[in-house]
Amino acid sequence: MARSKTKADPAQAAREEGWLVATRHPVLRDLARGVRLTPDPALGAEPNGWARVSVAVTGWGPRYEVRHHPSRRASPQEWAWAFAHCLLHLGLNHDDPASSGGLARDQAHQLAACMAVNRLLAALRVGQAPFPPPDYPAGDETQLARAWRRDGAPAEVAGGGVAGSGPDLIGDQVERDSPTGRLRASELATGLARAVAAAVDRAGGVVPESGGQEGKQPWDLAMGWFASSFPLIGGLAAGFRIVADADLSRRNQISVAAVDPALAEIYVNPLAGLNPAEWIFVLGHEMLHAGLRHGSRALGRQPYLWNVAADFVVNGWLVELGVGQLPSGALHDPALQGLSAEAVYERIANDARRFRKLATLRGVSVSDILSEPLPRPDERFEAIDLDEFYRRALTTGLAYHESSGRGLLPAHLAEEIRVLDQPPIAWDVALARWFEAYVRSPESVRSYAKPSRRQAGSPGVPRPGRYYPETARLECVFGVVLDTSGSMSRELLGKALGAIAAYAQAKDVPAARVVFCDAAVHDAGFLPVEDIAGRVKVHGRGGTVLQPAINHLERAPDFPADGPILIITDGQCDRLTTARPHAYLIPAAAALPFTPSGPVFRVV
């Protein structure tokens, strides 16, 4: 049965096309960087409301939003005119108190500011005005505002704004002489100069050379910066493809960006409104997610919380390195500096309800590390060895970064990249090391009561033989708490019990104290290691309550006081506590619902 396609909203498509038309105009291109496009339900009640500008001064600097009518139907050219009107308010610094003559931003000031913007729009020819333009009076906005406060504004200039009965500019004020005010004015001046130069070149028949920076999008320039100026990620940048598609981003809930490590693609939302420095940060963020294999390191953890934990770590590194500029709303906490993604996850997992409300670069409650390709028909991709590609790209970049003297890197980032070049330790090898550290081997003693073989050179000389005293053998044992609930896999039981038996025999451990536990405790006593894998009969199959089994072992008079305990479970159990040395054997895709104090071995 064919899957029904979601019908596109024509009003939204026209609005987004209008935004692209306005922001790609050479005069407005620089002004639009860092400006976000968001809906404003309050404008829905305005018959003549189109859009307005919101300014908010935060600790990271001013945040600009163009808020639009959520459901108005109009042509893309009309939307382009309304959006250009809003952007020019910023370029002309109409949020500066001085633009109103030092007085409050009253109705006279608002009308005068809109007249100045509309005069400039008529010359720039951006889009199409949704209403017939009046005869624009002479004078700048300060002069017009003073005159209209004294004499009243003429009727023909009313309704010249795009916010209906409300002001086009809301929120905080930014002074023209501040760094931000001067920057916006210079961005408008640069755009005007660019447009004039392009017009002169066209009039003179001069064609710009292809391959230059002119006309490139900020995310393309950011990717080129990595390839030329940041060798640590330059190798990754060469293998990635950027997909900038507003329709694709809307269908897949991509607010700013997302990455598909399998296809080596980064999806960016061209309507995100980031400046070039923020795009550098975003692309570095997504490439580090892919290069450090965060998508495959979840290992049974809750995917979204794991994504949030990895975001905190990656953003901390990029801020420490000074790569780009942290976008507004991106996850960053200096208190988590120096922690691995696994350590951050253990911290935030205890407060999952709060951290699920945080937003990745893709959005709230959606991961920016994609586990499956986005649905795009009629496209095929060649298969590549991902582990080999990401390993070589990052390790080569690290070596070049260090050899070229590009500066110091965060220690934990360099450590994670070096770990990529080392094959992971198999679970059974790691378990063997745990046995080596915590399970003692019995020490043999010599005695003439047990004769040894005679030496060929002196067959008449008796020599003492080696044997293991029974008391020493009984002290060198370990405990096994085996989860026998209905959710346990027989494959996990077989692999785990077989590995335990093999290592115990290799260390000459005579027996293991085995306790089965589900809804009740079943003590199997001391079992010979050769019987653990083949002849153990599993009791129970009820619920999963393992703490009574651990308490039973700790209190058993015939179990050594320092005997280690190995807990085999599928992870669907209660919180466990023990002061003895202990470890967990769980499936590779499982996760414990608490922070374990002992090592965890994942059976694959």
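The values are calculated or read from the model by the stated rules, or taken from the named source; none is laboratory data. Source: prediction; values computed, not measured. Backbone-built Cβ (ideal geometry, glycine too); neighbour counts: all protein chains shown.
Quick notes on this one:
- Taking the stretch 286-396 as the region of interest, the helices (runs of 4 or more DSSP H) fully inside it that hold 3 or more residues being modelled with pLDDT of 80 or more and within 27 Å of V35 (Cα to Cα) are 303-321.
- When restricted to residues that are out of contact with any Gly (no Cβ under 9 Å at 6 or more places or on another chain) and either over 15 Å from D428 (Cβ atoms) or not aromatic (F, W, Y) (or both), the stretch 577-604 contains 12.
- Scanning the stretch 562-580 for residues that are under 33 Å from the mean Cα position of the chain (by Cα), small (G, A, S) and within 16 Å of V515 (Cα to Cα) returns no hits.
- If you filter the stretch 16-43 down to residues that are part of a helix (DSSP H, G or I) and touching a strand residue (DSSP E or B) at 6+ places or on another chain (Cβ under 7 Å), you find that the one that is surrounded by the most Cβ atoms within 10 Å (Cβ to Cβ) is W19.
- Qualifying residue in the stretch 215-223 (condition: more than 22 Å from the chain's Cα centre (by Cα) and either buried (at least 19 other Cβ atoms within 10 Å of the Cβ) or modelled with pLDDT under 65 (or both)): yes
- If you go through the stretch 125-159 and keep only what is hydroxyl-bearing (S, T, Y) and part of a helix (DSSP H, G or I), you end up with just T142.
- Meets criteria (closer than 16 Å to L321 by Cα and either modelled with pLDDT of 75 or more or not in a loop (DSSP other than H, G, I, E, B) (or both)) for L408: no
- Yes/no for W19 being over 30 Å from the mean Cα position of the chain (by Cα) and in contact (Cβ under 8 Å) with a residue 12 or more places away in the chain: no
- Strands (runs of 3 or more DSSP E) enclosed by the stretch 438-520 - at least 1 residues per element that are at pLDDT 70 or above and either within 20 Å of G571 (Cβ to Cβ) or over 56 Å from the mean Cα position of the chain (by Cα) (or both): 478-483, 511-517
- Yes/no for A51 being buried (at least 20 other Cβ atoms within 10 Å of the Cβ), modelled with pLDDT of 80 or more and closer than 26 Å to L124 by Cβ: yes
- Filter result for A298 (crowded, with 21+ Cβ neighbours inside 10 Å, free of Cβ contacts under 8 Å to residues at least 24 places away in the same chain and within 30 Å of A588 (Cβ to Cβ)): yes
- Selected residue (criterion: surrounded by the most Cβ atoms within 10 Å (Cβ to Cβ)) from residues of the stretch 570-596 that are at pLDDT below 85 and among the polar types (S, T, N, Q): Q572
- In the set D177, D140, D151, only one residue is in the same structural domain as V35 (by TED's automatic domain parsing), modelled with pLDDT under 70 and farther than 30 Å from R72 by Cα; that residue is D177.
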